[in-house]
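The values are calculated or read from the model by the stated rules, or taken from the named source; none is laboratory data. Worth saying up front: this structure is predicted, and the values here are computed from it rather than measured. Neighbour counts run over all protein chains shown; Cβ positions are idealised from the backbone, glycine included.
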């Protein structure tokens, strides 16, 4: 039995708690303790896992009880603190993205991982999202030739659901760069390797001065890539992720807000609609996520890898750290624009 200590029962935490509940019907996994500073969230979490012991903070959870695996779904600025503490307790770790926010935290995570040698997965969920898995297969197997260029977008309304409004504090969220654009920066590294160049070309800011809109240009062995991420002013605008990838013999278009989500336009005039896996398991978490979808897939992958003692090749800690470092590089340049 994998005994899970779960820290952070907000929107993202609820998604993973629900996912683990589904997985508990297939695998020997049980959430035995849950920590959150908000009593309402602890109450809601207890509905999902009624036998779990409740704590008012993550440090108390880590100090009491024995766990095999620690899940971290707190606000971003707390990720590295709890990840390091969990590793020192010799627990395996699943930590939501970004795994940290600063170079100092990157270095400390690396040192602790080298000492403790636990298994670690970063919740870079795009790596497990079916449409992006499909795109990776096209890039790797080249049925339409080589990738020529790619445009990736993450468009969201203003993020107003965060505990103590942490999204709007640059030191707590890392701005739209480390919270939202990090998804696409990480995915590009996953499928294309390390970039030769990476620079922001457009920046806009909230009235507070914090960056809320960024467009970055990157190149990967001569392949140009553009990433756009934005938190628009209104909180009512629906979130959507999009990409457009041009290959030698086709353009692949994805719009997460459309049905079908993926369309392939070939150079001989065909319009193809590849079938994508769907998930109708609804989750009500107060965020811009309405189904377990890829969160279930990444959770299942990690739980299975722990039980079978197989390596996590999708999103290990070192990959999460490298993506944070790329995001920091772009954010530091963007702050000067």
### Task
Please find, within region 113-144, the residue that is farthest from the chain's Cα centre (by Cα) out of those that are more than 18 Å from residue 315 (Cα to Cα) and outside the structural domain of residue 322 (by TED's automatic domain parsing).
115
#### Entry: Given (1) surrounded by 15 or more Cβ atoms within 10 Å (Cβ to Cβ); (2) more than 28 Å from residue 158 (Cβ to Cβ); (3) in contact with a helix residue (DSSP H, G or I) (Cβ under 8 Å, 6 or more places away or on another chain), number of the condition residue 221 does not satisfy
(1)
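Pick out the one residue from 245, 241 that is crowded, with 16+ Cβ neighbours inside 10 Å and under 14 Å from residue 156 (Cα atoms).
The match here is 241.
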### Message
For region 192-212, check the following and say yes or no: at least one residue is at pLDDT 95 or above, outside any loop (DSSP other than H, G, I, E, B) and under 12 Å from residue 152 (Cβ atoms).
### Response
yes
### Given (1) within 30 Å of residue 245 (Cα to Cα); (2) out of contact with any helix residue (DSSP H, G or I) (no Cβ under 6 Å at 6 or more places or on another chain); (3) surrounded by fewer than 20 Cβ atoms within 10 Å (Cβ to Cβ), number of the condition residue 111 does not satisfy
(1)
## Note on the structure
Those residues of region 22-69 that are in contact with a strand residue (DSSP E or B) (Cβ under 9 Å, 6 or more places away or on another chain), in contact (Cβ under 8 Å) with a residue 60 or more places away in the chain and not in a loop (DSSP other than H, G, I, E, B) come to a total of 3
### Subset tally (residues that are outside any strand (DSSP E or B), more than 20 Å from the chain's Cα centre (by Cα) and in contact (Cβ under 8 Å) with a residue 24 or more places away in the chain) for region 233-260
7
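Quick check on region 224-238: of everything there that is touching a helix residue (DSSP H, G or I) at 6+ places or on another chain (Cβ under 7 Å) and either farther than 24 Å from residue 148 by Cα or not assigned by TED's automatic domain parsing to the domain that holds residue 192 (or both), which residue is surrounded by the fewest Cβ atoms within 10 Å (Cβ to Cβ)?
Checking each candidate, the answer is 230.
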### Summary
residue 122 fails exactly one of (1) buried (at least 16 other Cβ atoms within 10 Å of the Cβ); (2) modelled with pLDDT of 95 or more; (3) outside any strand (DSSP E or B), namely (3)
### Query
Right, residue 41: at pLDDT 95 or above and within 27 Å of residue 165 (Cβ to Cβ) or not?
yes
